[in-house]
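Step one of this worksheet: look at the structure below.
The values are calculated or read from the model by the stated rules, or taken from the named source; none is laboratory data. Remember, predicted model here, so these are calculated numbers, not experimental data. With ideal geometry, Cβ positions are generated from the backbone for all residues, glycine too; neighbour counts draw on all protein chains shown. The area values use the complete protein model at the heavy-atom level, side chains included, leaving out ligands, DNA and RNA. Shrake-Rupley method; radii C 1.70, N 1.55, O 1.52, S 1.80 Å.
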Amino acid sequence: MAKQIAVAGKGGTGKTTFTALLIRYLVKNNKGSILAVDADANANLNEALGMEVEQTISELITSTKDPKNIPAGMTQETYIEYKLQASLVESDYVDMLVMGGPEGPGCYCFPNNLLKGYMDKLGKNYSYVLMDNEAGMEHISRRVTQDIDYMFVVSDASARSIRSAGRVHQLVDTLKSDVKNIYLIVTKTQNDEDLATLQGEIDKTGLKLIGVIPYDPQVAKFDLLSQPLFDLPDNSVAVQAVNAICKEAQI
């Protein structure tokens with residue numbers, strides 16, 4: 001079975017940057033095949049990895065609500081499964097699915113059940129399945145993804161963001177998700193004093209701080225130039241910090 005890794009945290013904390021560099025670590029260290037799932041409504045993991053996505057799962061599911069969109073002689077179930085496979089973006093080092101934005105009105109229980117079954121089946125073909133979640137973790141709450149081996153909750157170096165990370169931890173407990181290891185990561189730190197100032201808030205989250213990712217001007221430059229973060233050099237401060245976190249977690 002694939003190792004399931006989930007990344008959570010509110011927008012703007014560097015969550016997608018961490019996910020992209022985590023994938024970079026797995027690829028560079030030949031850890032095995034990888035399926036990346038971008039479950040954040042503000043999807044941009046594909047850009048961080050240098051991949052192009054033509055259709056999101058949300059768009060696919062919405063299109064199946066209209067029977068006119070389903071080819072004659074094909075059931076809704078068969079059509080959704082066919083389109084799900086077509087939505088898989090493949091590359092030399094990672095395959096990707098993008099969930100997309102919020103779905104429209106109406107009940108999506110049937111297609112979401114199909115999605116869960118598809119994810120279970122697809123995941124068996126990979127060594128790792130990584131999901132970049134939004135703060136509300138909709139797809140985890142719907143049990144589309146469960147039995148998580150590692151969850152990283154990402155926060156920037158602000159008290160407000162640390163409190164948000166604590167609420168994500170509470171949500172995980174409320175959902176009674178099977179999460180074997182859950183960690184806190186603090187990003188965009190400027191110096192050791194940042195961490196010392198936040199220690200009280202960190203303690204309140206109930207999360208184990210597994211590492212920090214300092215502010216990295218190379219990440220800012222790559223973002224400015226729309227260059228894939230996957231291509232960051234080995235001397236990048238962020239790359240080195242994420243590599244250290246992965247080794248500490250024993251991924």
State which residue pairs qualify: first residue at pLDDT below 95 and inside the stretch 228-251, second residue assigned to a helix (DSSP H, G or I) in any location, beta carbons under 9 Å apart, and separation of 6 or more residues or different chains.
251/22; 251/25; 251/26; 251/245
If I ask for residues that are under 17 Å from residue 164 (Cα atoms) and more than 11 Å from the chain's Cα centre (by Cα), which ones from the stretch 1-32 would you list?
10, 11, 12, 13, 14
If I filter the stretch 69-79 for residues that are at pLDDT 95 or above and among the aromatic types (Phe, Trp, Tyr), do I get at least one hit?
no
Go through the stretch 71-80 and give me each residue that's on the phi < 0 side of the Ramachandran plot and surrounded by fewer than 16 Cβ atoms within 10 Å (Cβ to Cβ).
71, 72, 74, 75, 76, 77, 78
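Considering only the stretch 1-111, give the helices (runs of 4 or more DSSP H) lying wholly within it that have at least 3 residues that are in contact (Cβ under 8 Å) with a residue 24 or more places away in the chain and closer than 30 Å to residue 214 by Cβ.
The helices (runs of 4 or more DSSP H) meeting that bar are 15-28, 45-49.
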Criterion first (modelled with pLDDT under 95, more than 25 Å from residue 243 (Cβ to Cβ), in a loop (DSSP other than H, G, I, E, B) and open to solvent by 10 Å² or more (accessible area, probe 1.4 Å)) does residue 167 satisfy it?
no
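So that you can scan it fast, the table gives a plain yes or no per residue for (1) at pLDDT 95 or above; (2) assigned to a loop (DSSP other than H, G, I, E, B); (3) touching a helix residue (DSSP H, G or I) at 6+ places or on another chain (Cβ under 8 Å); (4) open to solvent by less than 30 Å² (accessible area, probe 1.4 Å):
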{"residue": "187", "(1), (2), (3), (4)": "yes, no, yes, yes"}
{"residue": "193", "(1), (2), (3), (4)": "no, no, no, no"}
{"residue": "203", "(1), (2), (3), (4)": "yes, no, no, no"}
{"residue": "212", "(1), (2), (3), (4)": "yes, no, yes, no"}
{"residue": "219", "(1), (2), (3), (4)": "yes, no, yes, yes"}
For the stretch 17-70, what are the residues that are in contact with a strand residue (DSSP E or B) (Cβ under 8 Å, 6 or more places away or on another chain), within 14 Å of residue 251 (Cα to Cα) and open to solvent by 20 Å² or more (accessible area, probe 1.4 Å)?
27, 31, 32, 33
